[in-house]
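Structure record follows, encoded as structure tokens.
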Amino acid sequence: MFASFLPAAVRQLTEPSAIALAQSIEQIAISTPLSTQPISTTYVHKGSGGTPVLLIHGFDSSLLEFRRLLPLLAENNDTWAVDLLGFGFTDRVSQIQFSPTAIKTHLYSFWKTLINQPVILVGASMGGAAAIDFTLTYPEAVQKLVLIDSAGLTGSSPLSKLIFPPLDYFATQFLRNPKIRQSISRAAYKKKSLASADAQICAALHLEMPSWHLALIAFTKSGGYSAFRFKKLSQIGQPTLILWGDSDNILGTVDAQRFKRAIPNSKLIWIKDCGHVPHLEQPQITAEHILEFRHE
């Protein structure tokens, strides 16, 4: 059974891993300094034992992007995935400024409420930038850091140039277009057949949540995640694993080496024959590297 707060289209999923993860999505009201109203936050928690692993999704996405990776990590490990503030199926409370600062404040409240011990923080794409920001602000909450084809060394989204009335509405409707989303999905994979109809449902399901476009506009207007300076990245003290698809056509491959040079205690592993989303395209290999890193 699927939770009642999920859009009806969730019943169209066909991939077993997607169905299983969607059926595991829970919701909890998290109190934060951002609002007097608790924020209904969606997450998945599987497995037990060892240092918890916390997975953070990318831009305009949801925890469903970890449908293939999370079960592998959770076989013998305490594993979590959460929908960030303003994204996924987490409630978009009015009067909140959807910004990187608000995102890490909400994420800290989630961590404090449900986990409350140092985690291995895994961020993919924009989630990598969010993970870096969180680690720098709340170092006591992060034992190790994993970046998967991470954003954080380039500026804000090109979409920000269009986010002003009346183009802000049309920009989000452009992003909602199934053909546009399919094109983006295909670009993310090296193996194009993985951009299936089921993958498209996973990538678009959260668009049916109330105020999706308003939160996306607000986040983009905030400037999103600007580029971290090398001096700032050098302050990351946690051991850091950088995983990068060797055929990433979304962010390219240059930033992988730049992150490696900037973060002191880091190592870079290339995921072969893989695009921007190793956790979807090469989940087994990605999980193996994370678990090896976890035990180091």
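Assorted remarks:
- Look at ILE180, ILE242, ILE39, ILE132 and count the other Cβ atoms within 10 Å of each Cβ; fewest to most, that gives ILE180, ILE39, ILE242, ILE132.
- Summed residue charge, Cβ within 12 Å of GLY152's Cβ, Lys/Arg positive, Asp/Glu negative: 0
- Volume per residue of the C-alpha convex hull in the range 228-273, rounded to whole Å³: 61 Å³
- Other residues within the sphere of radius under 14 Å centred on the Cβ of ILE28, judged by their own Cβ, net out at -2 (K and R +1, D and E -1).
- Inter-label distance for ILE184 and TRP270, nm, one decimal - labels placed 7 Å from Cα along Cα-to-Cβ: 2.8 nm
- Exposure proxy order (Cβ contacts within 10 Å, fewest to most) of TYR108, TYR189: TYR108, TYR189
- Positive dipole terminus of the chain, leading residue within SER211, PHE230, HIS57 (C-beta point charges): PHE230
- Surrounding net charge for ILE271, when Lys and Arg each add one and Asp and Glu each subtract one, Cβ distance under 12 Å: -4
- The fewest-to-most ranking of MET126, MET1, MET209 by surrounding Cβ atoms within 10 Å reads MET1, MET209, MET126.
- For the chain, size of Cβ-based charge dipole, Lys and Arg +1, Asp and Glu -1, in debye: 680 debye
Where a number appears in this text, it was derived from the coordinates with a stated rule and is not lab data. Since this is a predicted model, take the numbers as computed values, not measurements. Every residue, glycine among them, receives a Cβ derived from its backbone with ideal geometry; neighbour counts consider all protein chains shown.
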